[in-house]
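Encoded as structure tokens, the structure appears first; notes follow it.
The values are calculated or read from the model by the stated rules, or taken from the named source; none is laboratory data. Please read these numbers as outputs of a predicted model, since none were measured by experiment. Heads up, the Cβs are rebuilt from the backbone with ideal geometry, glycines too, and the neighbour counts pull from every protein chain shown.
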Amino acid sequence: MGQIQQTPARLESPPPGPPLSAELVRRILAFCQAQDARARQATVTRLVRWIQRTNQRRSNHAELTSLLVYLETNPEVRNQFAVAWALLLNEVRSLALLAETGIPSDHALITEVVLRLVAKVFPSARHEMDASRLLLAVYRSKSYVRQFGEMPPELFARLAMIVSPPNADVEKDEQRSDLRDALRLLATRVSWLGLKPEMRTRNLAAGVSDSPFYELLRRTEDVLNPHPAEARAAVSPWLEVVGHCRQEIGAVHRHMESAGVSVEQVFDLKKIEACFARMEALVAVLCPTTPQDGIVATQHLLRTLMAGLHFDHSLGALLHENLDLIARKMVEHTGESGEHYIARDRSEYWLMWRAAIGGGLLTVLTAAIKMRIVDASLPPFIEGFASGTNYAVSFVLLQVFGLVLATKQPAATAATFAGIVRDYRGAERSSKIADFVSRITSTQLAAAIGNVFAVSAGALVFERLWVLLFAHSYLPEESAVHVYQTLHPFESKTALYAIITGLILWMAALIGGWCENFAAYYRIPRAVAQHPLGDRLGSRRMVKLARGVERNLGGWSTSVVLGYLLGFAPVAGHFFGLPIDVRHVTLSSGTLALAVARFGTESLGQAWFYHAVAGIGLVFILNLGVSFTVAGMVALLAYDVSLKEQLAILRALCWEAIRSPLKFVLPVGKRDKVLAKTIDG
């Protein structure tokens, strides 16, 4: 990357190298004798590719060593090679390569995905003199980039001595000019990102003039001083300003943890960090403390640029990095209030039982209304909307009265699970997760049994009252038979529909968490408290309303979304001709109880009754397992937990289940106080 300011000691006698290849000599001479820019690019590309392929067959960079020995022992060819290399560097422009490669673009994620997909078929038409095009042509595979990265520093230093003669005119070096301009562009971009309104309202600086992002531009120009001594003296103040900028970034991150996350702002912070890393690499090349430091910095910068080029063209790398980032914020801010769904002591465990019994009784009405909607043979959209409204109202009432619905909670505890993944490592992490999962399963088992018991008993009472009032059963015989058929664990698609329901439970928790985060980030509760309507209703009432919104928005939005997802899923499946339906353990238990009440006690002697009961058990396992597994996998993805660690966690869970199976069934006790403190954390 341009001429390195150095006065290297000339090697008295080059180290011996492997036997010289005639083909290598021919390619070296072809590059030295190239007459124009296009020929120089073509010949250097063929030369480097030859060395790469040969080095893959041989080891220890044998062919590159041969090239160095040949040039070091042939002064005339060495001079020709250095002149040709200098011409090549002055012909290509590296500004885009230095200032943009490997740094997140300003495009939205979807736009960037589309651009990379198009580029797979129609590569972007870069200018022939663009250094990015040349570098990508030479290092076109990750194996070649890895080969360059493994080059020993002493070998790279010998190469630098050849291509950067000490008497070169540095000031006329186009590459050095691009290095300087790239540093200016990056500083400008960082300053703009750091002074955006959403950043200014969340950082430590009192005003624009006090912000280190504002000062960064001036300090960067000091580093670009044409006098080397003054430029090196300016590096320390520049690094101090960069450190202050990073403190501002830390303040913004801390603010987001408590006041909501904006995905756009998260990506802005990521861009700033990437720009700082590139600027530090550029400054190390422009202002090296010693010639050797300059060589090391140049090699590091080239490695970074090569890796960045391949990242910019990789769709998989883009999705992995961005989805990891989104997943992390997803689990940290999805259902943080979900921790109260985990019983931490015996009193909370029995409170869960009472809440589950109340939820089951309320679900009797939900199941009864659902069956009426299905029997009404309404138009598909009307049926989906009516079913969704029925579910949504029921779930909101559960929230208002502090009742619970089994399997609705596990996806809402992703933030707690993520906290364990984030804060612990190794065996301790596996142990904490095993204890955490045992809490969820025992609590959910209590909720499910309470729901099923209450909804079943309530449905029987509901049927008796209906018969007393209207002299006929609530469900027609055809509907009751259909209920049995749809719950058979083997002859129906109950298992598939229970899995779909588990995914819907997770999606609802995710969207509810997004709504909660949206309200926090855009300060919706404060806006409600300051609404002009307070002039009529009174400021105290508006503050009380704002607190209610802040406290309940996440739960209400999750309930409403879950209701309409459950309501419209069967309609969507019918519309597209896909096997999509829902099976929720409590709702299915309610409809089964209504069907049993329709046929009376004779149902208890029929095999199809026990098949339906088995189907209910299968639905519970899949609802619970799928919703929590998906939430857990997202948390593991978000914190880059390796496959080895994931398997270790799975082994720990299996071993704990074998060693203490009752731990996953019975209520929590005194042995769980330590974990309770961890969760309260």
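Observations
- Looking at the stretch 287-389, the helices (runs of 4 or more DSSP H) lying wholly inside it that each contain 1 or more residues that are out of contact with any strand residue (DSSP E or B) (no Cβ under 6 Å at 6 or more places or on another chain) and modelled with pLDDT of 90 or more sit at 291-313, 346-375.
- For the stretch 38-52, filtering for residues that are of a type outside the set (D, E, K, R) and more than 17 Å from Val163 (Cβ to Cβ) leaves 4.
- Counting only helices (runs of 4 or more DSSP H) wholly contained in the stretch 170-249, the ones carrying 2 or more residues that are over 28 Å from Leu87 (Cα atoms) and β-branched (Val, Ile, Thr) occupy 174-194.
- Taken across the stretch 519-532, residues that are under 32 Å from the mean Cα position of the chain (by Cα) and within 25 Å of Glu383 (Cα to Cα) do not occur at all.
- Among the residues making up the stretch 391-426, those that are at pLDDT 75 or above and either closer than 13 Å to Glu645 by Cβ or not assigned by TED's automatic domain parsing to the domain that holds Met352 (or both) are Ile420, Tyr424, Arg425.
- Residues (of a type in the set (Gly, Ala, Ser) and either part of a helix (DSSP H, G or I) or under 20 Å from Leu88 (Cα atoms) (or both)) located in the stretch 33-72: Ala34, Ala37, Ala39, Ala42, Ala62, Ser66
- Checking each residue of the stretch 236-243 against the condition of being under 27 Å from the mean Cα position of the chain (by Cα), surrounded by fewer than 21 Cβ atoms within 10 Å (Cβ to Cβ) and touching a residue at least 12 places away in the same chain (Cβ under 8 Å) gives at least one match.
- If you go through the stretch 566-601 and pick out every residue that is of a type outside the set (A, V, I, L, M, F, W, C), assigned to a helix (DSSP H, G or I) and buried (at least 19 other Cβ atoms within 10 Å of the Cβ), you end up with 8.
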